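Trainee: First the structure, then my questions, so here it is.
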Amino acid sequence: MKFSTKVRYGMRAMIEIAKSNNGEGVFQKDIASKQNISNKYLDHIISALKVAGLVTNANGRKSGYILTRPAKEITLLDIHNAFDIISVIDCLNDGNCCDREKECETKDFWQSLNTVIYDHFNSHTLEDLIKGNQLN
């Protein structure tokens, strides 16, 4: 399974925003520079994070970004869900079932794997990443 660039860069952007504790936020150009992400691509990432309610502008337009809640209250699942849903195979998504769903011998296996990944993302916070807490 491979996680998208948006998910990975979204986590990196969130780390930069969380580390900025000055109340004025961090500017997008600074996130782009520190994380080596193009400013144009970061536009899409920041937009998704804003829509998900994870970040906002500190003092209106043309100001730095801040978290909408403390890093200890933002799970990695929250960040992931800003871009995508966790689904190891398509048929686990609502409405994406195939003709074989009722007799599929492997669906339970894939569902249990999906649950493990979901639970792992949900059991770790942005604060865990920043502090380098054990993520086992």
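Trainee: What are the residues whose amide H is under 5 Å from the amide H of Ile74, where those residues sit 5 or more places off or on another chain and H is modelled from the backbone?
Mentor: Here Leu126, Glu127 satisfy the definition.
Trainee: Sticking with this one: Taking the chain as a Gaussian network, Cα atoms linked when under 10 Å apart, which of Phe109, Phe83, Phe27 shows the biggest mean-square fluctuation?
Mentor: Phe109
Trainee: Which entries of Lys2/Lys102; Lys29/Lys131; Lys29/Lys62; Lys6/Lys62; Lys29/Lys72 have Cα-Cα distances beyond 21 Å here?
Mentor: Lys2/Lys102; Lys29/Lys131; Lys6/Lys62; Lys29/Lys72
Trainee: Follow-up question, since we're still on this one. About the Cα centre of the chain, what is the dipole size in debye to 20, counting +1 per Lys and Arg Cβ and -1 per Asp and Glu Cβ, all else neutral?
Mentor: Dipole size: approximately 840 debye.
Trainee: From the residues Tyr118, Val26, Ser87, which one has its Cα farthest along the dipole of the chain in the positive direction, the dipole being from +1 and -1 charges on Cβ of Lys/Arg and Asp/Glu about the Cα centre?
Mentor: Checking the options against the dipole of the chain, the answer is Val26.
Trainee: What is the percent carbon and sulfur in the accessible area of the chain, measuring with a 1.4 Å probe over the protein chains and ignoring ligands?
Mentor: 47
Trainee: Report the gain in length on full extension from Asn22 to Cys104: 0.36 nm times residue separation, minus Cα-Cα distance, nm rounded to one decimal.
Mentor: Stretched out fully, the Asn22 to Cys104 stretch lengthens by 24.2 nm.
The values are calculated or read from the model by the stated rules, or taken from the named source; none is laboratory data. What you see is a predicted model, and the numbers here were worked out from it, not measured in a lab. Glycine also receives a Cβ, built like all others from the backbone with ideal geometry; neighbour counts cover every protein chain displayed. All accessible areas refer to the heavy atoms of the entire protein, side chains included, with ligands and DNA or RNA removed. Shrake-Rupley method; radii C 1.70, N 1.55, O 1.52, S 1.80 Å.
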